1. Around T53, what is the net charge, scoring Lys/Arg as +1 and Asp/Glu as -1 over all other residues with Cβ under 15 Å from its Cβ?
2. Please give the per residue accessible area of the range 17-61, computed with a probe of 1.4 Å over protein heavy atoms only, in Å².
3. Within the range 109-195, list the trypsin sites (Lys or Arg not before Pro) lying in a DSSP loop whose Cβ has at most 11 other Cβ atoms in a 10 Å radius.
4. Semi-axes of the equivalent ellipsoid of the range 13-167: what are they in whole Å, largest first, if each equals the square root of 5 times a C-alpha gyration tensor eigenvalue?
5. Which of the three applies to the range 7-69, rounded, prolate or oblate, going by the alpha-carbon gyration tensor with a ≥ b ≥ c and a/c under 1.5 meaning rounded?
6. Could you give me the ³J(HN,Hα) list for the range 56-73, computed from phi with Karplus coefficients 6.51, -1.76, 1.60 and θ = phi - 60°, whole Hz, x at Gly and Pro?
7. Under 1.5 on a/c is rounded, so check that first for the range 129-199, then, if it is not, pick prolate when a/b is larger than b/c and oblate when it is not; a ≥ b ≥ c are the square roots of the alpha carbon gyration tensor eigenvalues.
8. Of the options T50, T99, F61, report the single residue whose Cα projects farthest towards the positive end of the charge dipole of the range 1-133 (beta-carbon charges: Lys, Arg +1; Asp, Glu -1).
Amino acid sequence: MKSLIVSLPGGVFTAAGAGVKTNHLFFSKGQSTRKIWYYDLSSIKVGKKTPLTIKTFEEFFRLLPERPDSELSWTINMDERKQKAAEEACPFKEKATATSQKVAQLSERLKELKKTFARKSKVIEEAEKMIADLTREARTNAAKAKEIQDAVYDLKAVNPNKKADTDNHTPEDLLDIIETKGREIAEALAVLRIGLSIS
């Protein structure tokens, strides 16, 4: 059984005081989430004159029983995402562990050095700096590993099937458009000036 997320456009709940983009999440109680099917309606423009209606959901209801991939729908496999994240995080975890072990060894060595050298000696200062740098490095690697693994649970609806809007205008086309718009603005300003001079 797949869980389900319906990504709604911004403005759906404006009348209720929330103009932000909204997602509806449906999960089966008592079952672990293994797959999530997304349906994306976020590109629809919603306003007072163009409300979200039942007609908007016709394709959604048609696809819902089988939950296939389409231009507006896709499935993510949580087990695969976790596995991929674990693989990506592994090198950072290994570096963090190795560096932490090195810190532990150096800390023990520092205790011995403090028995032999004065507290403010160059040897002690260098060892303390090295331990601080390595500790920082271990924390950075551990944080990166955690960030990778936590990203598995970011369920933001980002449609992988969405076709990118590409602008095929050449620079010459853009210059022509700017020139045309400039003429239109100049003509509108001339009409306004004539209107002002008459009144």
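The values are calculated or read from the model by the stated rules, or taken from the named source; none is laboratory data. Please read all numbers here as calculations on a predicted model, not as lab measurements. Neighbour counts run over all protein chains shown; Cβ positions are idealised from the backbone, glycine included. Just the protein is used for accessible areas: all its heavy atoms, side chains included, with ligands, DNA and RNA removed. Shrake-Rupley method; radii C 1.70, N 1.55, O 1.52, S 1.80 Å.
1. +2
2. With the other protein chains kept in place, the range 17-61 gives 74 Å² per residue.
3. Loop-located and lightly packed - R119, K120, K156, K163.
4. Over the Cα atoms of the range 13-167, the ellipsoid semi-axes are 54, 19, 14 Å.
5. Numbers: a/c = 2.72, a/b = 1.60, b/c = 1.71.
Since a/c reaches 1.5 but b/c is at least a/b, the shape of the range 7-69 is classed as oblate.
6. Here the 3J(HN,Hα) series is 4, 9, 4, 5, 4, 5, 5, 7, 3, x, 9, 6, x, 7, 8, 4, 10, 9 Hz.
7. Prolate, since a/c reaches 1.5 and a/b exceeds b/c.
8. Sorting the options by dipole projection puts first T99.
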